[in-house]
Every structure is written in structure tokens, then in C-alpha cells.
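Working notes, beginning with the structure itself.
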Amino acid sequence: MSPEAQRPTALYSEVLDAAEVAALLRCSVKTVEEHARRGTLPGDKFGDAWVFPRAALIACLNERAVEAAAKRRREAERPAPLARAHPPAPGHTRPAPPTLPALSS
């Protein structure tokens with residue numbers, strides 16, 4: 001019998017390992033572990049392995065999604081900045097435009 005088949009179903013569904021989180025988020029295990037180390041994903045390290053409580057992970061993802069949507073909404077509502085002419089730096093002048101040749105008829 002494989003180790004996965006021996007795991008209690010209720011416990012297995014409540015705690016995910018890094019590979020399961022990576023599959024859920026469609027990213028690499030390395031990315032999941034890096035986010036866990038930085039504290040942007042709720043997990044804990046037991047020995048050499050990271051574990052992630054499913055409820056905490058889902059709550060964290062929900063919170064991040066709501067914050068990201070609110071940020072996008074604020075940015076969309078913000079008026080576009082007006083173009084401003086900056087004065088030339090001291091001692092710097094703009095070159096005169098070239099003189100065009102006269103047209104003869």
C-alpha cells in the first residue's frame with residue numbers, strides 16, 4: 001500500500017504539503033517554499049518539509065485577492081496624470097530648431 005493511501009483522509013485534506021500547494025496554485029514547489037519563508041503564505045516547517053493548513057491558506061489567498069482587486073479599482077478610478085513641462089535645468093538651454101530652406105516658386 002502506498003504512503004498516500006495510508007494517510008487518514010480527513011487529516012490529509014486539512015494539511016497540504018508544498019507540492020500540493022504548488023499544484024493548487026499552479027506554480028513550482030520552490031516558489032511556494034520561498035513565499036512560505038517570506039511569510040506571504042501561511043505555513044510551518046516540520047523538519048525538512050513545509051506544511052500548510054488548508055483553511056489558513058484559503059483565507060490568506062482570499063485576503064490577498066480582495067486587497068489586489070481593491071488596489072486595481074483605486075488605480076482605475078485615479079485620473080490620469082497631466083503632462084507637465086519641466087523647466088530646463090540651470091545652465092541648460094534648448095538648441096534652436098533648424099532653419100528650413102526657403103521655397104522658391
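Surrounded by 10 or more Cβ atoms within 10 Å (Cβ to Cβ) and either of a type in the set (Asp, Glu) or more than 20 Å from LEU24 (Cβ to Cβ) (or both): is that true of ASP48 in this structure? Against the criterion (surrounded by 10 or more Cβ atoms within 10 Å (Cβ to Cβ) and either of a type in the set (Asp, Glu) or more than 20 Å from LEU24 (Cβ to Cβ) (or both)), ASP48 does not qualify.
Evaluate region 15-26: report whether one residue or more is assigned to a helix (DSSP H, G or I), at pLDDT 95 or above and either basic (Lys, Arg) or surrounded by fewer than 10 Cβ atoms within 10 Å (Cβ to Cβ) (or both). For region 15-26, residues assigned to a helix (DSSP H, G or I), at pLDDT 95 or above and either basic (Lys, Arg) or surrounded by fewer than 10 Cβ atoms within 10 Å (Cβ to Cβ) (or both): absent.
The values are calculated or read from the model by the stated rules, or taken from the named source; none is laboratory data. Since the model is a prediction, treat every value here as computed from it, not as a measurement. Please note: Cβ atoms are built from the backbone with ideal geometry, for glycine as well, and neighbour counts cover all protein chains shown.
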